[in-house]
Amino acid sequence: MNNSLLTQDKRTKQRNAAEARFKAYGLVAILVALAMLVWLLVSILSAGSPAFRQSFLTFPVLIEESIADKSGTRDPAVLTKVTTLGYAKILAHSLEAEIAAKGVDLGAMKPKEIGQMISEESSATLRDMVMANPGLIGTTIPFTAIASGRIDGYFKGRVTMESAALDKNTSPEQLILADNLRAAGILKSEFNPGFVTMPDASDKRPEAAGLGIAIIGSLMMMMVVLLLSLPIGVAASVYLEEFAPKNRWTDLIEVNIANLAAVPSIVYGILGLSIFINFAGLPQSAPIVGGLVLTLMTLPRIIIPTRAALKAVPPSIRDAALGVGASKLQTVFHHVLPLAMPGILTGMIIGLAQALGETAPLLLIGMVAFVRDFPGGLFDPASALPVQVYTWTTRGDPGFVERASGAIIVLLVVLIVMNAAAIYLRRKFERRW
Amino acid sequence: MKSAFSFPFAALTLFAGAAFSQDQAVAEATSSSVLYRLIFALGIVVFLIAAFTVGRNRAKTMRSKVSEMHSLPSFHGAVTLQYAALGIVLAIVLHLILGRPLGLGGAVAASLVLGGAGALFGLSTIKADFRARTFTERTIMVALILCSLVAVLTTVGIVASLVVETGHFFELYPASEFFFSTVWNPRFGGGSSLGILPLVWGTLYVSAIALVVAVPIGLMSAIYLAEYASKSVRAWVKPAIEILAGIPTIVYGLFALITVGPLLRDYFAQPLGFGDSSSSVMTAGLVMGIMVIPFVSSLSDDIINAVPQSLRDGSLGLGATPSETVRSVVIPAALPGIVGAILLAASRAIGETMIVVMGAGAAAKLSLNPFEAMTTVTVKIVSQLTGDTEFASPETLVAFALGLTLFTITLGLNVVALVIVRKYREQYE
Amino acid sequence: MKDMNMESRVLIQSNKIEARKVQVYYGTNHAIKDVDVDILDKTVTAFIGPSGCGKSTFLRCLNRMNDTIPSCRVEGLITIEGEDINDPRVDPVQLRAKVGMVFQKPNPFPKSIYDNVAYGPKIHGLTRNKAELDDVVESCLRKAALWNEVKDRLQAPGTGLSGGQQQRLCIARAIATSPEVLLMDEPCSALDPIATAQVEELIDDLRSQFSVVIVTHSMQQAARVSQRTAFFHLGNVVEYGETTQIFTNPKDPRTESYITGRIG
């Protein structure tokens, strides 16, 4: 054996090389994990951020009496007979006139095809405006229409001249005209608040689809989850941690809670479907059912951190309160619970954040249904943010991929805010006993 | 004591909302029915507060007359409130059981009558020697116990609904076919083959790939964080990796669908001749593997940290390098806990739904090609139960049998994992 | 080399380890100040002193176990046979094979008795085959006076032994790498009196082959097993010399106060 410490023998060299390799594996593993996180976020952000911008066409619209009200009576019953197709024509005519007035080069475009560049959603909007105010007929009003999904996609790089040539919904000529309209200031890309406020739109109109109903639905469900799981979760934790005798029965409850926290979420969907919808007869697609299902799912995930927070309050506090003659219950509610509150709230927020992102159980209770009307209450059909993402990905039009990614961005922003709040709470009130 | 009562209030509000949700005769328009419900719920709250105040004031007056009372006035108020609430609950339950005979108006009247009666009875209990505090605390205790039973009821509900519907399914479809048939081909209209084997195969294949990705990365990250990383690196990297666990699975699903799937198809499957499907076992497995990394790394990290430092010192003191120490001392000592962590991760992967729905495909196949679209138990639960479901057909009911299978497998894994981890923790405590 | 050793042992015992002006900092806390100590070959040296005086910290400097504590910083010169152990060329792995260590609490690995002892020789590649390894394990267990108690259950887990047996197993494990110096950090503090007596006897036997440095709380133990004693106080070495001289005729008043029980 080599006796000097200053030179490494061969075996030590080999062992040190193995050491360096092992350490490198660990570093690589961490870098891979972090790279995956970055890749995931970058991919979703880059796919989703265009959803917040939209191409709009702004031009004066003459609401032609010859189309909107042939009879000239302004009778609402007659007016409703004119479909959105009629209003599409009105928009197309006005845009054509504006193009002529501004001297925009039409290129090889046939005037007939101009209407295709405007979203059908805008015809519906115009029709609603006229229905609400028949006096508009015959006048010229300033109007901002949504450009069709293909035109919008062209400015976002999704649609190219080559793909347009193969697409029956658009043509290269339309895209050239779109460029010209943009140069003339008629077409503008602007921030699109409608993405978060408007309801979902049908299969053909990705440009008009919004998250409004999904956000409201998710909000309602979170209200239900908060209202139910906070009191029930805290009460259950208080009982199990402070009062329950240690016997086989409470042991069973404990094991049961630990297991419920690990049951696949889809199983809760099955539970909701058979108990709340089939057995109790609650309506499908309703936020109340979603909220109840998510409550059951969230409860064990809240009880576990809540009990940890209660356990972290030192026994000396309880002894002090009991020592001045407080009852056990007063001790818990006056002293232990307030001291454990930051920990409980942190666990609650994290539990809520998990519930907010949960999708699978909601699919089974009918939240995938297409909903156009804003829900008036907990029992009306609604959608939910993550479910809306899923339904959009199942649609044919590629424009919906951008919408789905955009919806994820909204979801992630909410989750980041919630988790930041949890971290802030934890840091601010962290107490070392 | 007030905080203790926010719960009954909240519950009642919701309860009242539920009771009148479908009183369409009373309120046609949705918005006004919501308004009625809100007003009713608010009314209940006001009524209960009134009951509390009256009871407390009465006790206060009594206290000024008699020399000594057992309980503070507010506890007497609380007793009054409890009886009043009992009356209202009775009224609403009656209203619901009798099928809403008199509509919202009837419910309000019944609530007023029964609630009022309850409040009056509550007031009559106010006496100097009445132990109002003990009474109230007993009520609260019952409420606490009931709340902790919710978790048990959830399990009972899950098991009951799965078992009952699975029973119905096996009345319509032979159990042996379900468990041993290798064909999954549901036809709405009869003559379906509903063999679970292709689905189980797909589930296991995807989960296996996920674990092959997640276990080495998760375990090596945990080792690096626990044994090599400096405090500041650890403080940043550990939460960063845990972000992966906080991201909703729908996000992973979309990632599989729009990024990983096409990438694997264009750069691996097509050039290598493995097919041209963008949804595949590989896509779902890889993405699920990323999702599962923190489940392996976080728990393993905790467990490796629980290995006593004295063991490390013993090994280092003999001249072992840190990696030799990790491999021959720390990992063997932590092995049970790490196995538990991996089992939990496996259970997580098997029960995962959205990633496979969006990444793995819908075709039930028994194939070895990882670039082929296959399907899993969870995907089929979703596809058989979404949309218009008719609950008498085996094609729908099979979802419950699938659910029961899934529940049993994951429960088994969880129980084993939890027992192992618990035993391990006790060993070093 | 060997001859010289023999010769010098006859005249004046050679210095195995020399420490000069050693400073240890934990973060900003100056834990060891200006320590000069020479450790002689084939001798038991005891470090005594009140708790928190730095004796264990200094012991851990001798085989660079302090490297494993991130906030710890060591300055000064420590040489073993004239070679600076903190030289960047020195691999702590090789150093620790040469300077073994036994810890306060018995810390057998959760492996079999055999594997515990065989661990060192395996990682350092000291044996060529199983038979040789068997021999090393047996001889080390014999040296540690444990062989007769465990020879029938070498495959039983080392954690199943009694506390005294575990500590002797750890000693066997440490001498299996054939170190030249054996550091013992309060090796008997977790043991009962009978086990302590066994370990002390063992230390005396080990003196013929190794240079032993033992940190101890017990002055009686130091007096019983050691030839030389260093008294540590508040991070300084107050007095260092022959054990008999330290205990019978201490030069420093602090040493005297300590051994008569007035401080500590």
Taking alpha-carbon centroids only, the range C:100-144 lies from the range A:98-171 a number of Å equal to 84 Å
Rounded to one decimal in Å, the inverse mean reciprocal Cα-Cα distance for the range A:212-429, i.e. its Kirkwood radius, is 18.7 Å
Any lysines whose Cα falls less than 28 Å from that of A:LYS110, other than same-chain ones fewer than 8 residues away, would be A:LYS70, A:LYS89, A:LYS102, A:LYS156, A:LYS168, A:LYS188, A:LYS204
For the range C:2-259, the dipole about the Cα centre with charges only on Cβ (Lys and Arg +1, Asp and Glu -1), to the nearest 20 debye, works out at 480 debye
In a Gaussian network model of chain B with springs linking alpha carbons closer than 10 Å, the residue among B:ILE331, B:ILE241, B:ILE49 that fluctuates most is B:ILE49
One would report the Cα pair-distance distribution of the range A:123-181, bin width 5 Å, in %, as 4, 16, 23, 14, 10, 12, 12, 7, 2
Summing -39500 (n - 2.57) over every DSSP H run of at least 4 residues in chain B and dividing by its residue count gives a helix-only mean residue ellipticity at 222 nm, to the nearest 500 deg cm²/dmol, of -24500 deg cm²/dmol
A student applying the Cα gyration tensor rule (rounded when a/c is under 1.5; otherwise prolate if a/b is larger than b/c, oblate if not) would label the range A:53-192 prolate
Longest chain B segment clear of chymotrypsin sites (Phe, Trp or Tyr not before Pro) sitting in DSSP loops (not H, G, I, E or B) with at most 13 other Cβ atoms within 10 Å runs B:189-390
Given the candidates A:ALA164, A:GLY269, A:GLY194, the one whose Cα lies deepest towards the positive end of the charge dipole of the protein assembly as shown, counting +1 at each Lys or Arg C-beta and -1 at each Asp or Glu C-beta, is A:GLY269
Here the Kirkwood hydrodynamic radius of the range B:240-380, Cα-based and in Å, equals 17.0 Å
Taking N as the residue count of chain B, its alpha carbon Rg divided by 2.2 N^0.38 Å gives 1.37
The answer for chain B, counting only DSSP H helices whose Cα atoms cover 15 angstrom or more along the axis and whose Kyte-Doolittle average is 0.5 or greater, is B:2-19, B:30-65, B:73-97, B:103-124, B:132-172, B:197-223, B:281-306, B:331-351, B:394-427
One checks the Cα atoms of chain C and finds Rg and Dmax, in Å, of 18.3, 56
Using alpha carbon positions and the Kirkwood radius, the Rg to Rh ratio of the range A:209-292 is 1.08
For the range A:211-327, the dipole about the Cα centre with charges only on Cβ (Lys and Arg +1, Asp and Glu -1), to the nearest 20 debye, works out at 60 debye
Taking only C-alpha positions in the range B:151-291, Rg and Dmax in angstrom work out to 20.9, 64
In cubic angstrom per residue, the convex hull of the range B:156-224 built on its Cα atoms measures 137 Å³
note: the range A:365-406, Cα-Cα separations exceeding 18 Å make up a percent value of 30 percent
For C:HIS30, the residues 5 or more places away or on another chain with a placed amide H closer than 5 Å to its own amide H are none
If unit charges are put on Cβ atoms (+1 for Lys and Arg, -1 for Asp and Glu) and the dipole of the protein assembly as shown is taken about its Cα centre, the option from A:VAL410, C:VAL199, C:GLY76 lying farthest towards the positive end turns out to be C:VAL199
Any residue on another chain or 5+ positions along whose placed amide H is under 5 Å from the amide H of C:ASP185 is listed here as C:VAL102, C:PHE103, C:GLN104, C:VAL215
Over all directions, the protein assembly as shown yields a Cα convex hull whose mean projected area in nm² is 61.7 nm²
Treating only Lys and Arg (+1) and Asp and Glu (-1) as charged, each at its beta carbon, one finds that the range C:47-173 has a dipole about its Cα centre, in Debye to the nearest 20, of 340 debye
Once C:LEU191, A:LEU411, B:LEU42 are ranked on solvent-accessible area with the largest value leading and a 1.4 Å probe, the list reads B:LEU42, C:LEU191, A:LEU411
With -39,500 (n - 2.57) per DSSP H segment of 4 or more residues and division by the full residue count of chain A, the 222 nm estimate, nearest 500 deg cm²/dmol, is -19500 deg cm²/dmol
Connecting every pair of Cα atoms under 10 Å apart in chain C and solving the GNM, the largest mean-square fluctuation among C:ALA195, C:ALA97, C:ALA144 falls on C:ALA195
Note to self: C-alpha centroids of the range A:5-45 and the range A:207-276 sit apart, in Å, by 41 Å
Per the Kirkwood formula over distinct C-alpha pairs, the hydrodynamic radius of chain A in angstrom is 26.5 Å
Among the DSSP H helices of chain A, those whose Cα atoms extend at least 20 Å along the helix axis and whose mean Kyte-Doolittle hydropathy is 0.0 or higher are A:10-48, A:84-102, A:212-238, A:287-312, A:337-357, A:399-429
Within the set B:VAL260, B:VAL398, B:VAL237, GNM on chain B using Cα springs under 10 Å gives the largest fluctuation to B:VAL237
extent check for the range C:45-178: Cα max minus min per principal axis, descending, whole Å, gives 48, 37, 27
Within the protein assembly as shown, the percent of DSSP beta bridges that are antiparallel, given to the nearest 5, stands at 70 percent
Of every Cα-Cα pair in the range B:184-427, the percentage lying beyond 27 Å is 44 percent
In whole angstrom, the spacing between the Cα centers of the range C:178-219 and the range B:351-418 equals 64 Å
Of all DSSP beta bridges with both partners in chain C, the antiparallel percent, nearest 5, is 60 percent
Those trypsin sites (Lys or Arg not before Pro) from the range A:236-309 that are DSSP loop and have at most 12 other Cβ neighbours within 10 Å turn out to be A:LYS246
So the angle from the long Cα axis of helix C:130-143 to the longest Cα principal axis of chain C, reported in degrees to the nearest 10, equals 50 degrees
For the range A:1-126, whose charge dipole is built from +1 on Lys and Arg Cβ atoms and -1 on Asp and Glu Cβ atoms, the candidate among A:LEU91, A:SER119, A:THR7 with its Cα farthest towards the positive end is A:THR7
Between B:LEU194 and residues 5 or more places away or on another chain, the pairs with built amide H atoms under 5 Å apart involve B:ASN185
Summing -39500 (n - 2.57) over every DSSP H run of at least 4 in chain C, dividing by its residue total and rounding to the nearest 500, the 222 nm mean residue ellipticity is -10500 deg cm²/dmol
For A:LYS246, the aspartates and glutamates lying under 14 Å Cα to Cα, once residues fewer than eight places off in the same chain are dropped, come out as A:GLU254
iface B-A | buried accessible area, total | probe 1.4 Å | Å², round 100 | 7300 Å²
For C:LYS151, counting only aspartates and glutamates whose alpha-carbon sits under 15 Å away and dropping same-chain residues fewer than eight positions off, the answer is C:ASP115, C:ASP134, C:ASP135, C:GLU138
Note on the range A:91-153: alpha-carbon gyration tensor, axes a ≥ b ≥ c; rule is a/c under 1.5 for rounded, else prolate if a/b larger than b/c, else oblate; result oblate
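The values are calculated or read from the model by the stated rules, or taken from the named source; none is laboratory data. Here the structure is a predicted model, which means the values were calculated and not measured. Cβ: placed from backbone, ideal geometry, glycine included. Neighbour counts: every protein chain shown. Note: areas computed on protein heavy atoms with side chains; ligands, DNA, RNA excluded. Shrake-Rupley method; radii C 1.70, N 1.55, O 1.52, S 1.80 Å.
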